[in-house]
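Read through the structure below, which is laid out as structure tokens, and then see the notes.
The values are calculated or read from the model by the stated rules, or taken from the named source; none is laboratory data. Just so it is clear, the structure is predicted and the values come from calculations on it, not from any experiment. Ideal geometry is used to build each Cβ from the backbone, glycine not excepted, and the neighbour counts take in all protein chains shown. The protein model used for the area step is the full one, side chains on, heavy atoms only, and it has no ligands, DNA or RNA in it. Shrake-Rupley method; radii C 1.70, N 1.55, O 1.52, S 1.80 Å.
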Amino acid sequence: MPPSKIASAFYKLREDFPMLKQRMHGKPLIYFDTAATAQKPQAVINALTDFYQNRYGTVHRAIYELSVFSTQQYQETRRKVKAFLNANKVEEIIFTRGTTESINMVAYSFGKAFVKPGDEVIISEIEHHSNIVPWQILCEDRNAILRIIPVSDRGELNLEEYAKLLNSKTKLVAIAHVSNALGTVNPIKKIIDMAHAAGAKVLIDGAQSTPHMPVDVQDLDADFYVFSGHKIYGPTGIGILYGKESLLESMPPCQGGGDMIETVTFPKTTYNALPLKFEAGTPMIAEVIGLGAAIDYVSGIGVENIQHWEQELLNYATLHLQAIEGLRIIGTAKEKGAIISFVVEGTHPLDLGTMLDLRGIAIRTGHHCAQPTMRRFGISATARASFGLYNTREEIDQFIVSLREAIKLLK
């Protein structure tokens, strides 16, 4: 079947990613672990190199040219993120080190401001550990109660049970937009509406959604939305916390230090305006600039186009995996992102991953930082293939051939 026009366009984009020209164990690299971290286009690499080599300077603290340039570029990325998420104001965009830090910041700060003994926080059975442990810590510290939304055998949230969990004591609901372990796309707009009707606020973990589908935080009416730069083809060490201005204004800072202050005296310190109130210390300047380049790159392609192409890859791979005897896909929700977790009868995922690695194919094996999800499905681990904008049908074909070979050798 000849490639579609969109396929041809995405095949050309592979040339933008120098890592995809590398070999692994002497074989051409097939990278199917974008859910863990995405490879970087040359535009992002160039932005980082140019900053460190030609324009390096700190931000907010000097009037010399290099500092002024750095500050301008740093703030320009904040404007890009605002537009990318369709936030209402740039002040609602907080730079963090990643999704994990963003969630922890909300757990600490929102919890300190609003959560009292006996209050409740709701998460789901298929969350990443980063969207479980911070809420456990919060509930332990505040003597609050953590409630869990169960999931079906397909990996879909049980909204009837969710409705039963919501009550006047519910202060916050924290849910992944897309499950990193199963690929399930959760109906977050409905989840948010239900939470708001009960008087609760909502945090959405967008680590697996933001690089792969359009996100409009105003349309969703999300109170908090978080994501990581390295999953959206940007650098590691940079993330985003979006929060509604009114909420961020009412929350205390998480860290003290430079930039987050207005005035400091020994009797009392007053805090800076948003967003700097939550950005203590010398920030991740290069990483922020790199994230700006990544957003430019993704926006230039069009997130809707990326979503369409990755859905083609998902459907193609799913069809071929289902034809393998003894293979079971874990997570068969009607709405899925480009993530496929699977187990094969009589083999261990680690052995499959090792055999594929020797054939140049990089997949993820293990519990995917989602041990409760694994327990829900009665397994300890899965093999996971996850796709990015740079993957192709031919790579999937080679993956299927290699997987069949590996299974035959392991059984």
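Observations on the model:
- Selection of the stretch 328-340 for residues being crowded, with 17+ Cβ neighbours inside 10 Å and without any contact (Cβ under 8 Å) to a residue 24 or more places away in the chain yields only I329.
So that you can scan it fast, the table gives a plain yes or no per residue for (1) modelled with pLDDT of 95 or more; (2) within 30 Å of A338 (Cα to Cα); (3) in a helix (DSSP H, G or I):
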{"position": "K40", "(1), (2), (3)": "yes, yes, no"}
{"position": "N54", "(1), (2), (3)": "no, no, yes"}
{"position": "K80", "(1), (2), (3)": "yes, yes, yes"}
{"position": "I94", "(1), (2), (3)": "yes, yes, no"}
{"position": "F110", "(1), (2), (3)": "yes, no, yes"}
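- H308 being open to solvent by 50 Å² or more (accessible area, probe 1.4 Å) and either under 15 Å from the mean Cα position of the chain (by Cα) or of a type outside the set (D, E, K, R) (or both): yes
- Highlighted here are the strands (runs of 3 or more DSSP E) found entirely within the stretch 228-281 that include at least 3 residues which are not hydrophobic (A, V, I, L, M, F, W, C): 239-243, 269-271.
- Scanning the stretch 110-148 for residues that are in contact with a helix residue (DSSP H, G or I) (Cβ under 6 Å, 6 or more places away or on another chain), touching a residue at least 60 places away in the same chain (Cβ under 8 Å) and among the β-branched types (V, I, T) returns I122, I126.
- Residues of the stretch 154-177 that are of a type outside the set (G, A, S) and farther than 21 Å from Q136 by Cα: R154, E156, N158, L159, E160.
- Odd one out for A317 among (1) closer than 23 Å to T184 by Cβ; (2) of a type outside the set (V, I, T); (3) open to solvent by 60 Å² or more (accessible area, probe 1.4 Å): (3)
- T269 being among the polar types (S, T, N, Q) and closer than 18 Å to Q72 by Cα: no
- Inside the stretch 341-366, residues that are open to solvent by 30 Å² or more (accessible area, probe 1.4 Å) and hydrophobic (A, V, I, L, M, F, W, C) make up a count of 3.
- Unmet requirement for M105, which otherwise passes all of (1) more than 21 Å from K231 (Cβ to Cβ); (2) in contact with a Cys (Cβ under 9 Å, 6 or more places away or on another chain): (1)
- When S246 is tested against (1) of a type in the set (G, A, S); (2) free of Cβ contacts under 8 Å to residues at least 24 places away in the same chain; (3) touching a strand residue (DSSP E or B) at 6+ places or on another chain (Cβ under 8 Å), just one condition goes unmet, and that condition is (3).
- Positions within the stretch 14-38 being assigned to a helix (DSSP H, G or I), touching a residue at least 24 places away in the same chain (Cβ under 8 Å) and basic (K, R), in sequence order: R14
- Among the residues listed as K27, K5, the single one being open to solvent by 70 Å² or more (accessible area, probe 1.4 Å) and at pLDDT 90 or above: K27
- Tabulated pairs, the stretch 83-109, first charged (D, E, K, R) and open to solvent by 40 Å² or more (accessible area, probe 1.4 Å), second at pLDDT 95 or above and part of a helix (DSSP H, G or I), C-beta under 8 angstrom, 6+ apart or interchain: K89/K82; K89/E245; E91/E245; E91/L248
- When T34, T49 are checked against the criterion of being buried (at least 19 other Cβ atoms within 10 Å of the Cβ), hydroxyl-bearing (S, T, Y) and more than 30 Å from E245 (Cβ to Cβ), T34 stands alone in meeting it.
- Those helices (runs of 4 or more DSSP H) of the stretch 116-209 in which 3 or more residues are open to solvent by 50 Å² or more (accessible area, probe 1.4 Å) and farther than 30 Å from F84 by Cβ occupy 133-142, 159-165.
- Among residues of the stretch 62-82 being farther than 25 Å from V217 by Cβ and in contact (Cβ under 8 Å) with a residue 12 or more places away in the chain, the one that is least open to solvent (accessible area, probe 1.4 Å) is S70.
- Apart from one condition, L410 fits all of (1) modelled with pLDDT of 95 or more; (2) open to solvent by less than 70 Å² (accessible area, probe 1.4 Å); (3) over 23 Å from the mean Cα position of the chain (by Cα); the exception is (1).
- Lone unmet requirement of (1) open to solvent by 60 Å² or more (accessible area, probe 1.4 Å); (2) modelled with pLDDT under 95 for G258: (1)
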